[in-house]
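Below is one structure, written out as structure tokens; the observations come after it.
The values are calculated or read from the model by the stated rules, or taken from the named source; none is laboratory data. Quick caveat: nothing in here was measured; it's all calculated off a predicted structure. Cβ placement follows ideal geometry from the backbone for every residue including glycine, while neighbour counts extend to all protein chains displayed. What goes into the accessible areas is simple: the full protein's heavy atoms, side chains included, and nothing from ligands, DNA or RNA. Shrake-Rupley method; radii C 1.70, N 1.55, O 1.52, S 1.80 Å.
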Amino acid sequence: MPTVAPLDLDGHVLAVEFLGDVPFFASANGTFHRLDGGDRVSEAHQGMLTAIRDPYSESLISGGEDGKVLRIAADGSVSEIATAPRKWISQVAAGPQGAVAYSYGKSSLVRLADGTTKEFPEERTVEGLAFAPKGLRIAAARYNGVSLHWIGMNAKPIDLEWKGAHTGVTFSPDGNFLVTSMQENALHGWKLDIKPGTEARHMRMTGYPSKVKSLSWSVKGKWLASSGAPAAIVWPFQGKDGPMGKAPLELGTRANIMATAVKFHPLEDILAIGFIDGMILAVRIADSKEALLRRPGKGAITAMSWSKNGKLLAFGSEAGDCGVIDISA
């Protein structure tokens, strides 16, 4: 078994991310804990709703019940990006050139590095946000589909329609596909090479016994892993049509014990799978070989993150059980 450095926090862990070699744990009570020669605490929100890593800088972006959008630096310092009094900020996204997106109610907002803010109204509540990997374009998931907005242009949004409640959204690393998680037990996808006068092609990814709450792309974007079943369900995206007409891989299968979090390794096609009973497996895509990283513990695994070199895996649970696993040990 690899070595585990444990940390016990009070309450639900929303997110776990590395900044440099230091793991940060985001707690729903509004604090960030970083394991840097001890447990160091940054007070951030009066109730935190979401936290993500900014892929363009060594920082985190968070939103809370206090209407604040904050940036947390690698030294734990907290700065305010935006505030919307009496609003709950439950969706944030980080884009290129210092752009940060957030939403409340039926509005998506993008704050640019120069301080200007652009607002994109929607007809329904925004449930998920993601920046495209290329260009200043943002996707907003909502009821009955996704809106794609160009941030620097006065172009009309592209509406990708599919009936039902879309609760999260992610672009493939090459920007060719867009995938949403849904209120029903399914994912929905669109192929995005939209030519004038043509519609984006649909992809249905169904058969889950419960809701999909965790998604992770492999390092080169060939695979999309998902929770929501008693295994990680991993869809193939290496062909030009993505998973259309193809069966997914089922990795780390356990009898009736649900996978609750998935996270691909940053360098290799290896997937960490966290389960509802606190257990964590690592599985290699090539041959489905499994390695036990953590025995069952307290609370369902809610978040995981690999260090940049892929030697450390940090995790958090809904009960506040956290830790860092050294897989090189």
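General remarks:
- Residue that is surrounded by the most Cβ atoms within 10 Å (Cβ to Cβ), among those in the stretch 125-173 that are at pLDDT 95 or above and among the basic types (Lys, Arg): ARG142
- Residue in the stretch 97-105 that is part of a loop (DSSP other than H, G, I, E, B) and either under 28 Å from HIS202 (Cα atoms) or free of Cβ contacts under 8 Å to residues at least 60 places away in the same chain (or both) present: yes
- Restricting the stretch 248-275 to residues that are among the acidic types (Asp, Glu) and part of a loop (DSSP other than H, G, I, E, B), the residue that is farthest from ASP21 (Cα to Cα): ASP269
- Checking LYS211, LYS246, LYS220, LYS240 one by one, the residue that is of a type in the set (D, E, K, R) and touching a Phe, Trp or Tyr at 6+ places or on another chain (Cβ under 9 Å) is LYS246 and no other.
- Extreme residue, modelled with the lowest pLDDT, among residues of the stretch 11-30 that are open to solvent by 10 Å² or more (accessible area, probe 1.4 Å) and out of contact with any Lys or Arg (no Cβ under 9 Å at 6 or more places or on another chain): GLY11
- Evaluation of GLY207 against the conditions (1) of a type outside the set (A, V, I, L, M); (2) over 17 Å from ALA130 (Cβ atoms); (3) modelled with pLDDT of 95 or more; (4) open to solvent by 20 Å² or more (accessible area, probe 1.4 Å) shows that the sole unmet condition is (3).
- Per-region count, the stretch 276-291, residues part of a strand (DSSP E or B) and either among the acidic types (Asp, Glu) or out of contact with any strand residue (DSSP E or B) (no Cβ under 6 Å at 6 or more places or on another chain) (or both): 1
- Residue count for the stretch 297-329, restricted to those that are farther than 14 Å from ALA261 by Cα, in a loop (DSSP other than H, G, I, E, B) and open to solvent by 10 Å² or more (accessible area, probe 1.4 Å): 9
- Selection within the stretch 40-69 - open to solvent by 10 Å² or more (accessible area, probe 1.4 Å), more than 15 Å from TYR104 (Cβ to Cβ) and not small (Gly, Ala, Ser): ARG40, VAL41, GLU43, GLN46, ILE52, ARG53, PRO55, TYR56, GLU58
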